[in-house]
Number of protein chains: 2
Amino acid sequence: MTSIHAALVQQEMCADYQKNVDYSLDQISAAAKKGANLVVLCELHSSLYFCQEESTHNFSLAQPIPGPLTNLLSTAAKQHKVVVVGSVFEKRTEGLYHNTAVVLESDGSLAGTYRKMHIPDDPGYYEKYYFAFGDQGFTPIQTSIGKLGVLVCWDQWFPEAARLMALAGAQLLIYPSAIGWDPGDNKTEQHRQLEAWQTIQQSHAIANNLPLICTNRVGYEKDFSGRSNGIHFWGQSFITDTLGKITKQASSSDAETIFSTIDLNETEQTRQIWPYLRDRRIDAYENLSKRLIDD
Amino acid sequence: MTSIHAALVQQEMCADYQKNVDYSLDQISAAAKKGANLVVLCELHSSLYFCQEESTHNFSLAQPIPGPLTNLLSTAAKQHKVVVVGSVFEKRTEGLYHNTAVVLESDGSLAGTYRKMHIPDDPGYYEKYYFAFGDQGFTPIQTSIGKLGVLVCWDQWFPEAARLMALAGAQLLIYPSAIGWDPGDNKTEQHRQLEAWQTIQQSHAIANNLPLICTNRVGYEKDFSGRSNGIHFWGQSFITDTLGKITKQASSSDAETIFSTIDLNETEQTRQIWPYLRDRRIDAYENLSKRLIDD
């Protein structure tokens, strides 16, 4: 396999689980009909972004893996012969939950999971309340179309995560996301945040000479706790080439699925010209495992 | 000290050592008169970019530290009461050379040196022939205006270098550089490379919430070996804020000195909102010290 026909599903979520899941499944079907062999859904695409509040009642949204959602994704993947990257609020056991990306193989089997390693906890994004830290490390998931370096949202701000996926053989970086604007911020600040979000992800493509896919939810979601202005999820899902150039990008306002063909040979070509893996000073990186380098 | 008035000297070099040095010294003087308390020169600002060819005769350009060039920079720093970041082709002993950034304190003392850690070796950039790998690690240099995370050119492509400087307390990232276009490449490819170069550096500012300065030489330099088209150094020296936004940038064609004021308090403010240092998974980064993670 030297090229991937990828579909990025930018979705707007509502309070109705079935409606969200149906939309995801419909997009898998439609994308496959348009020739996609990889469909990437958003982070937590079966619900509103419940992490805006800390409330025990949201734990009822969690489900096991395998479970109802992965079963549906599996059936769709098999029926349409596509690899699917989905996202599950995983109930691992009583009282232990994760924010987990799942990869379904085109024969319906579960190719692998990635439990979100970097977990945010900020106003509007109270994820540390819901999710335990991932404990599988940064391990790409082998599929019939390539080795997928699946990471999730907040991971996208950490160059370490992308690098570890690349060193472990990822051929493509994938970030299902849920990030947006505080409607209370002014346009300048909103633009600044969006730019930083794009730039840091483009940089992972550049530093590792890997193509990169980021899907993001779109639309306004209210904060049910009433403590904040809610979040205007900024969409703008995108895909880059191996030099970080954004080759396709969705809008900031609409649910839409965008398509792009990825040439997996580009990484070898780009790395021959930009040989970072050759020149990394691995003898001098030990302190990356420290919280801070004290005097 | 909570703010730095920085001057970025984008210089065009010629074959005449004295002319190059005089230009650098003139810019230090002029910048200080305009209120700068930090002047950042380019990589190897006293000579043409000799690494376009591999030739023993270029070793005669090297000099010790302290030596003639650092003495001149020191005198200028003291006279004009500014901190100066310069660059020296360092002769450490017979047969041992480095590409070394030097920091002169505003009282003329040598605040510290940084020997380039990541050394390129690519057509037109035969640095591994001239320079031994730096052996001082990634250590910021304490000055009266702040702790400077001085790195050099090729280092700018490695997120590890910026992160280690940040963890060691750098308040500002500084990259004296010498990078340009192959005149044989078409405009699209040239633009792609320039964009990647800017993006990856912006990302270091973002990932570490540090302001960042990059100075680059400008102008066309011939390849004296006659093997290539030479290099059109692309200038475009720039400075970013702590969210990676480029706030000032020089042209692609002219030698010029640009100025910007850096608010060192911005890092604390930005880190409170974007707490990456809080959330780094240091328990899972060990493999960053590997060349490749084999199965």
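For the interface of chains A and B, what total accessible area is buried with a 1.4 Å probe, rounded to the nearest 100 Å²? The partial results should precede the final answer.
On the way: alone 13450 and 13450 Å², together 21620 Å².
Roughly 5300 Å².
Could you give each residue of region A:213-224 its phi-based ³J(HN,Hα) in whole Hz, using Karplus coefficients 6.51, -1.76, 1.60 with θ = phi - 60°, and x for Gly or Pro?
Rounded to whole hertz, the list is 10, 10, 10, 9, 6, 9, x, 8, 10, 5, 8, 5.
On average, how much accessible surface per residue is there in the protein assembly as shown, in Å², for a 1.4 Å probe, leaving out ligands, DNA and RNA? Don't jump to the answer; show the numbers that get you there.
Working: 21620 Å² over 590 residues.
With all protein chains present, the protein assembly as shown gives 37 Å² per residue.
Can you give me the long-range amide H partners of B:Trp234? Hydrogens built in the peptide plane at 1.01 Å from N, cutoff under 5 Å, separation of 5 or more residues or another chain.
Correct list: B:Ile179, B:Gly180, B:Trp181.
Using only alpha carbon pairs under 8 Å that are at least six residues apart, calculate the relative contact order of region A:3-289 and give it in whole percent.
Over region A:3-289, the number comes to 19 percent.
Average partner chain C-beta neighbours within 10 Å, per residue of B:152-163?
Averaged over the peptide's residues, the number is 5.
Report Rg/Rh for the protein assembly as shown, rounded to two decimals, where Rg is the Cα radius of gyration and Rh the Kirkwood radius.
1.00
Using the structure shown, list the pairs from A:Lys91/A:Lys128; B:Lys91/B:Lys116; B:Lys81/B:Lys128 with a Cα-Cα distance above 24 Å, or answer none.
B:Lys81/B:Lys128
I'd like the carbon and sulfur percentage of the solvent accessible area for region A:21-76, probe radius 1.4 Å, heavy atoms only, ligands and nucleic acids excluded. Show your work: numbers first, answer last.
On the way: 1160 of 2080 Å².
Taking all protein chains in place, region A:21-76 shows 56 percent carbon and sulfur surface.
Taking the square root of 5 times each eigenvalue of the Cα gyration tensor, what semi-axes in Å does the equivalent ellipsoid of region B:244-295 have, largest first?
Semi-axis lengths for region B:244-295 are 35, 22, 8 Å.
Once you place label points 7 Å from the Cα toward the Cβ at A:Lys187 and A:Lys222, how far apart are they in nm?
2.8
For a Förster distance of 41 Å, can you work out the FRET efficiency between the beta-carbons of A:Thr93 and B:Gln136, rounded to the nearest 0.05? It would help to have the intermediate numbers written out before the result.
Working: r = 49 Å, r/R0 = 1.19.
The formula returns an efficiency of 0.25 here.
Only protein chains counted, 1.4 angstrom probe. Which residues of region B:279-295 are at least 30 Å² less accessible in the assembly than when their chain is isolated?
B:Asp279, B:Arg280, B:Arg281, B:Ile282, B:Ala284, B:Tyr285, B:Leu288, B:Ser289, B:Arg291, B:Leu292, B:Ile293
Compare A:Val82, A:Val21, A:Val152 in a GNM of chain A, Cα atoms joined below 10 Å, and give the one with the largest fluctuation.
Per the Cα network of chain A with a 10 Å cutoff, A:Val21 tops the list.
What share of the DSSP beta bridges in chain B is antiparallel, in percent to the nearest 5?
Bridges in chain B are about 70 percent antiparallel.
Keeping every protein chain in place, order A:Arg271, B:Arg92, A:Arg280 by accessible area at 1.4 Å, biggest value first, i.e. largest first.
Solvent-accessible surface, decreasing: B:Arg92, A:Arg271, A:Arg280.
Please state the Cα pair-distance histogram of region B:116-226 with 5 angstrom bins from zero: what percent is in each bin?
Using 5 Å bins, I get a P(r) of 2, 11, 20, 22, 19, 13, 8, 4, 1, 0 for region B:116-226.
Between B:Gly137, B:Gly86, B:Gly244, where does the largest GNM mean-square fluctuation fall for chain B, given springs only between Cα atoms within less than 10 Å?
In the Gaussian network model the winner is B:Gly137.
Quote to one decimal, in nm, the extra length available between A:Gln63 and A:Met1 on full extension: 0.36 nm per residue of separation minus the C-alpha distance between them.
19.0 nm
Within a 10 angstrom radius of each residue's Cβ in A:194-206, how many Cβ atoms of other chains show up on average? Whole number is fine.
Per residue, the average neighbour count from other chains is 6.
Mind checking region B:184-268 for trypsin sites (Lys or Arg not before Pro) that DSSP puts in a loop (not H, G, I, E or B) and that have at most 12 other Cβ atoms within 10 Å?
Answer in residue order: B:Arg227.
Ignoring ligands, DNA and RNA, please state the percent of accessible area on region A:100-151 from carbon and sulfur, probe 1.4 Å.
The nonpolar share, carbon plus sulfur, comes to 56 percent.
Please list 3J(HN,Hα) in residue order for region A:136-143, calculated via the Karplus relation 6.51 cos²θ - 1.76 cosθ + 1.60 where θ = phi - 60°; whole Hz, with x for glycine and proline.
Each residue's phi maps through the Karplus curve to give 9, x, 9, 10, x, 10, 6, 9 Hz.
Given the options B:Leu48, B:Leu172, B:Leu38, state which has the largest fluctuation in a GNM of chain B using a 10 Å cut-off (strictly under) for Cα springs.
Of B:Leu48, B:Leu172, B:Leu38, the most mobile in the Gaussian network model is B:Leu48.
Carbon and sulfur: what percent of region B:166-254's accessible surface (1.4 Å probe)? Please report the intermediate quantities before stating the final value.
Numbers: 1300 of 2830 Å².
C and S atoms contribute 46 percent here.
Can you work out the base-10 log of I(q)/I(0) for region A:3-289 at q = 0.08, 0.09, 0.13, 0.14 1/Å, using the Debye formula on its C-alpha atoms alone?
Per q value, in the given order, log10 I(q)/I(0) is -0.31, -0.39, -0.84, -0.98.
Read phi for every residue in region A:104-112 and hand back ³J(HN,Hα) as whole Hz from Karplus 6.51 cos²θ - 1.76 cosθ + 1.60, θ = phi - 60°, with x for Gly and Pro.
Along region A:104-112, the couplings run 9, 6, 5, 9, x, 6, 7, 6, x Hz.
The values are calculated or read from the model by the stated rules, or taken from the named source; none is laboratory data. Computed from a predicted structure; not experimentally measured. Here Cβ is always computed from backbone atoms with ideal geometry, including for glycine, and neighbour counts include all displayed protein chains. When the accessible area is computed, the model is the full protein with side chains, heavy atoms only, and any ligands, DNA or RNA have been set aside. Shrake-Rupley method; radii C 1.70, N 1.55, O 1.52, S 1.80 Å.
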